[in-house]
Amino acid sequence: MSETTDPPNSDQTRRKYVFVCGLPRSGTTLLGRNIARMENCTGFKNTGVFEDEGQFLQDVYAVASEYGGSSRCGFDPRMHRTERSDLLTPENVARLRASWHAHWDKSKTICVEKTPENLLMTRFLQAAFPNSYFVVLRRHPVPVSIAGQKWTVNITSLNRMFEHWLHSHKLFEQDRKYLNHVYELTYEDYVENPDKYHQEIAAFIGTRVPEPPKEDSFRIVLQWRNPSGLRVPERAMETTSAVYSKKYFDRWSYFLTRSPFKGYYRYIARKYESEFARYGYSLTKGFIQAEEVLDRGSRVSALWGPIYCLGADLGALLRRSAVRTKGYAKRGVKGLLPEFVLDRIRQARQRALLSNGRAQVSPSSGRCR
């Protein structure tokens, strides 16, 4: 019997499922790739490439798409995030596992999957995959929110991004007591000492970290938005950057001190400061030289702050509407084209990507220039 058609009991006893959880832009892609490089682990092919990941989600959650929902693949974690989901029938779970296994090396027994929705679906996933292990990564809300806002073309206000950070982690806290295997860490600790956490995570999931190769080599992963491809190292573990957050911290400091809308940003900093403090983070400490500056005009900003937030949300709504309208128009045009024309366009795009990708690789050694 093939791996994708194993009966449920065989699937549950032979395999472990490691779900890497965390908000988008919190470092889960890097962590997921590194866990997938551990011994006897397999990860989704080309993990970390957003375009492929989006297609992967559509394949995996095909069962759920018929239910509608708010996510890009039709799966709404608000409706199907616990053991009470009506998707958890034996037939649907079997189809979910079969679809998932199609993306993994079937000779390995530890399957590693990273998707942002995992953070809100831990109970659902544990019900579908009883031998589940959750590795949860948390990162400072400033870089997560600002990077996420940029990633989505500023179609969500920073105020809403902070709300989303808090809401998501609060939901996970509610779900945590129902989970059997959970390992939590912060991005800040991870980048300071990745080797320590790799060893601990390996012990947590029952494997070990492989020895690094004697010399580095690279491969090209194709991306339609990046014709030259993504240069991915083949080393045992990919390196982390402890300075990656600095540009976002500098940006937030500018928002609080010199921005023309600093009253708005100071308002939301005061609004969420106590809530983020519960997680060990601050929106004010280290971002302004004198904290009393934050209190200047606090009475005025307390009056106008909600109006600032409403204006920012309305502006984001207009940008979001424009992006969605453009998407609808694009899909409408594609819907008018015959299938053979779409196939020609796909083939031409793939040939261009392959050509550009090969140009980055030395033909003699197979390594990137």
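The values are calculated or read from the model by the stated rules, or taken from the named source; none is laboratory data. Since the model is a prediction, treat every value here as computed from it, not as a measurement. Heads up, the Cβs are rebuilt from the backbone with ideal geometry, glycines too, and the neighbour counts pull from every protein chain shown. In case anyone asks, the SASA skips ligands and DNA or RNA and just uses the protein heavy atoms, side chains included. Shrake-Rupley method; radii C 1.70, N 1.55, O 1.52, S 1.80 Å.
Observations, loosely collected:
A quick yes/no check of all residues on (1) modelled with pLDDT of 80 or more; (2) under 16 Å from residue 17 (Cβ atoms); (3) touching a Leu at 6+ places or on another chain (Cβ under 9 Å); (4) surrounded by fewer than 18 Cβ atoms within 10 Å (Cβ to Cβ):
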{"position": "74", "(1), (2), (3), (4)": "no, no, no, yes"}
{"position": "84", "(1), (2), (3), (4)": "yes, no, no, yes"}
{"position": "89", "(1), (2), (3), (4)": "yes, no, no, yes"}
{"position": "96", "(1), (2), (3), (4)": "no, yes, yes, no"}
{"position": "114", "(1), (2), (3), (4)": "yes, yes, yes, no"}
{"position": "121", "(1), (2), (3), (4)": "yes, yes, no, no"}
{"position": "124", "(1), (2), (3), (4)": "yes, yes, yes, no"}
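- Cβ pairs under 7 Å, 6+ apart, first in region 325-340 and in a helix (DSSP H, G or I), second at pLDDT 75 or above: 334/342
- Residues in region 238-279 that are among the small types (Gly, Ala, Ser), in a loop (DSSP other than H, G, I, E, B) and touching a residue at least 40 places away in the same chain (Cβ under 8 Å): 241, 242, 245.
- Verdict on residue 189 being touching a Ser or Thr at 6+ places or on another chain (Cβ under 8 Å) and open to solvent by 30 Å² or more (accessible area, probe 1.4 Å): no
- Flag for residue 340 being within 30 Å of residue 144 (Cβ to Cβ), of a type in the set (Phe, Trp, Tyr), modelled with pLDDT of 75 or more and open to solvent by 90 Å² or more (accessible area, probe 1.4 Å): no
- Whenever a residue of region 103-122 is in contact (Cβ under 8 Å) with a residue 60 or more places away in the chain and closer than 14 Å to residue 27 by Cα, its partners that are open to solvent by less than 20 Å² (accessible area, probe 1.4 Å) and among the charged types (D, E, K, R), lying with C-beta atoms within less than 9 angstrom and at least six residues away or across chains, give the pairs 114/53; 115/53.
- Subset tally (residues that are modelled with pLDDT under 90 and either small (Gly, Ala, Ser) or open to solvent by less than 10 Å² (accessible area, probe 1.4 Å) (or both)) for region 146-167: 5
- Considering region 126-145, the residues that are among the polar types (S, T, N, Q) and open to solvent by 10 Å² or more (accessible area, probe 1.4 Å) include one that is nearest to residue 34 (Cα to Cα), namely 131.
- Residue selected from region 220-250 under the condition farther than 21 Å from residue 28 by Cβ and at pLDDT below 90, by the criterion least open to solvent (accessible area, probe 1.4 Å): 229
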